[in-house]
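Chemist: Below you will find the structure I want to go over with you.
The values are calculated or read from the model by the stated rules, or taken from the named source; none is laboratory data. Source: prediction; values computed, not measured. Reconstructed Cβ throughout: ideal geometry from the backbone, glycine too, with neighbour counts over all protein chains shown.
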Amino acid sequence: MGLEEEIQELEEEIANTPYNKATEEHIGRLKSKLAEKKEKFAKRQQSSGGGGGYHVEKHGDATVALVGFPSVGKSTLLNALTNAESETGAYEFTTLEVNPGMLEYNGANIQILDVPGLIEGAASGRGGGQEVLSVVRSADLIIFVLSAFEIDQYERLQEELYENKIRPDQSPPRISIRPKGKGGIKVNASVDLTLNEETIKSIVREHGYVNADVTINEEVDIDRLVDGVMDNREYIPSLVTVNKADLLDKEYAKTVKDQLRGYEIDPDEAVFISAQEEKGLESLKEEIWEELGLIRVYMDKPGRGVDYEEPLILTEGDNVEDAVKKLGFTDRYRMARVTGPSAKHEEQQVGLDHELKDEDILRLVLRK
Ligand SMILES: Nc1nc2c(ncn2[C@@H]2O[C@H](COP(=O)(O)OP(=O)(O)OP(=O)(O)O)[C@@H](O)[C@H]2O)c(=O)[nH]1
Ligand SMILES: [Mg+2]
């Protein structure tokens, strides 16, 4: 039996097995097996050519991928947000490769990638799907671009990403596996688990572990556990933008909001825009900034004062050490002083582990 057939059979068996306590372990094993086979299949696809596609280099402080079906307005949006000139058209598949553009916002350079329409079956190569997906996998933020008239496409986009090991808006499962020499599989959990211990052991064993300590720090279901064991999923934040809002009347706008709710998208969190008329773009930029979790740090340079023009761009949670590294001053660092949101008082002397906040002013004292 070929790999594709095996995958299909496993999928069918999973779909046809009712989930309950008695079947849980069996389903766990099937899902783990399925994940392994899919991985093998994907590797085979890659090595049998077709993988060469476009590699868009990462530039700037962060990378954002616009995903959406053909003709929803991705290229129009890219052109409106950035310096890029991506071809747009009233027919499908105008864009056949990934087009990059740079958005300058709050002193940060944010690379925006317009990727061709993700369509059903993209994973099998249609529309350059595999290459597109690898570009999406390496993004820091995914923007679902929906046309106001095709909100239902959201579900298919989500499925396509999920199938390709992308987990929008999830955090990585809090699971760790430590292989050891003997003793079989041991499960330790810091929370009450609903999954049977035997299910967990089967999933881990199916992945090839014989002896290992498995530590689980969250209430996992089978899918999350398989994700954790596979350890190659991308956890990327996302936001939804609804384009062509210029064509909406009040009545239909309500319908769109109801549809969004139907896909568990809070209409207040979706950004309504008109890429063509350049409406709503400021809100979208703000949202991009928020979701990326970028922060500005103004450097106080000796003899030159505070540079408010070109801030150092870091990510929420970064500390002084990250700033020093990004500036390439690791070898010369002596001490740091911070003024602003993260400081207790002006010119506070702080250590390398001091966490910086947006709009802090940082002064580094360096060795000559
Ligand atoms: N009314 C209206 N039309 C828009 C808007 N944005 C894009 N369009 C039109 O929609 C059509 C498709 O836009 P594109 O930007 O080429 O769409 P795309 O998503 O890049 O499509 P592909 O490259 O084929 O994947 C064009 O005719 C645009 O002028 C908008 O905000 N309002
Ligand atoms: Mg396009």
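Chemist: I need the full set of residues from the stretch 29-53 which are modelled with pLDDT under 90 and either small (Gly, Ala, Ser) or within 15 Å of ligand 1 (Cβ to nearest atom) (or both), in order please.
Modeler: Ala42, Ser47, Ser48, Gly49, Gly50, Gly51, Gly52, Gly53
Chemist: Of the residues that sit in the stretch 203-212 and are farther than 15 Å from Gly183 by Cα and assigned to a helix (DSSP H, G or I), which one is modelled with the lowest pLDDT?
Modeler: Residue satisfying both the conditions and the ranking: Glu206.
Chemist: Leu294 passes all but one of (1) surrounded by fewer than 20 Cβ atoms within 10 Å (Cβ to Cβ); (2) more than 16 Å from ligand 1 (Cβ to nearest atom); (3) of a type in the set (A, V, I, L, M, F, W, C); which number fails?
Modeler: Result: Leu294 passes all but (1).
Chemist: Mind checking whether some residue in the stretch 284-296 is more than 23 Å from Ala80 (Cα to Cα) and away from ligand 2 (no atom under 16 Å from the Cβ)?
Modeler: Yes, the stretch 284-296 contains a residue that is more than 23 Å from Ala80 (Cα to Cα) and away from ligand 2 (no atom under 16 Å from the Cβ).
Chemist: Kindly check whether there is at least one residue in the stretch 217-226 that is assigned to a helix (DSSP H, G or I), surrounded by 19 or more Cβ atoms within 10 Å (Cβ to Cβ), of a type in the set (Asp, Glu) and not assigned by TED's automatic domain parsing to the domain that holds Leu81.
Modeler: no
Chemist: For residues that are among the hydrophobic types (A, V, I, L, M, F, W, C) and part of a helix (DSSP H, G or I), tally how many sit in the stretch 270-298.
Modeler: Qualifying residue count for the region: 5.
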